[in-house]
Amino acid sequence: MAITAFVALIATTSLSRVMDGVQSLRATADRTYEVNRAWMIISRDLRHFSDRPVRDEFGQIEPALAGGELARFALSFTRAGWHNPNANPRSNLQRVNYRLEDEALWRDSYSVLDRAGDTEPYSVMLLDGVEDMQLAFLASLDDLEIPSGGAVPDTSNWVTNWVVDVGSSDTEMKNPIGVEIILQLQGLGEMRRLYALPPL
């Protein structure tokens, strides 16, 4: 009887460890999927970037792309390739915003480009557990520096805000040619991606 009880104890302990391992593996797989899915959506949007300024709900002109800590949204831009399978009377362009709120990365999109006062965004939480989001923008190829023997550009000299200069009389703002996005994720640390913007 003692031997039976001992064997049962070992079997129960082993089964418990296996179940804990399976749950941990499943949680890791789910988290990896969520992170990859968020990056995929961001990449898809930026790959379809379109040089189309919009008018916001206050009647102000927003440049085709804006972002950084000084901007209204962490990243906001117009993208093309908005599928229209029902052939609705609308543009194939879409305005999207990325913002960080309550340690979660959100994506806002609008049904129209030039918004009215009552235009509401369609908001989707892309990823939770996001502690910080930083951006850097490459203004021109003249600012592109690649360290000797390396393949990854040095982004330390890229600008961290891409916003309209309110002190300038020039109302038009050129677009950056590259964007770096850095996400600080709980349990995963820092992840960064570099994007070249069309038509580069």
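Summary of values
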read-out: The listed residue being among the charged types (D, E, K, R), part of a loop (DSSP other than H, G, I, E, B) and surrounded by 13 or more Cβ atoms within 10 Å (Cβ to Cβ), out of ASP118, ASP108, ASP114; value: ASP114
read-out: Flag if LEU144 is modelled with pLDDT of 95 or more and surrounded by 12 or more Cβ atoms within 10 Å (Cβ to Cβ); value: no
read-out: The one condition in (1) closer than 21 Å to PHE49 by Cα; (2) in a loop (DSSP other than H, G, I, E, B); (3) touching a residue at least 60 places away in the same chain (Cβ under 8 Å) that ASN92 fails to fulfil; value: (3)
read-out: Some residue of segment 128-150 being part of a loop (DSSP other than H, G, I, E, B) and touching an Asp or Glu at 6+ places or on another chain (Cβ under 6 Å); value: yes
read-out: Enumeration of residues in segment 93-129 that are within 15 Å of LEU46 (Cα to Cα) and over 16 Å from the mean Cα position of the chain (by Cα); value: LEU93
read-out: Hits in segment 46-68 - residues which are in a loop (DSSP other than H, G, I, E, B), surrounded by 15 or more Cβ atoms within 10 Å (Cβ to Cβ) and among the hydrophobic types (A, V, I, L, M, F, W, C); value: ALA64
read-out: Enumeration of residues in segment 69-80 that are within 14 Å of ASP51 (Cβ to Cβ) and in a loop (DSSP other than H, G, I, E, B); value: ALA80
read-out: Some residue of segment 19-31 being touching a helix residue (DSSP H, G or I) at 6+ places or on another chain (Cβ under 9 Å) and not acidic (Asp, Glu); value: no
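The values are calculated or read from the model by the stated rules, or taken from the named source; none is laboratory data. Just so it is clear, the structure is predicted and the values come from calculations on it, not from any experiment. Using ideal geometry, Cβ is built from the backbone for each residue, glycine included, and neighbour counts are taken over all protein chains shown.
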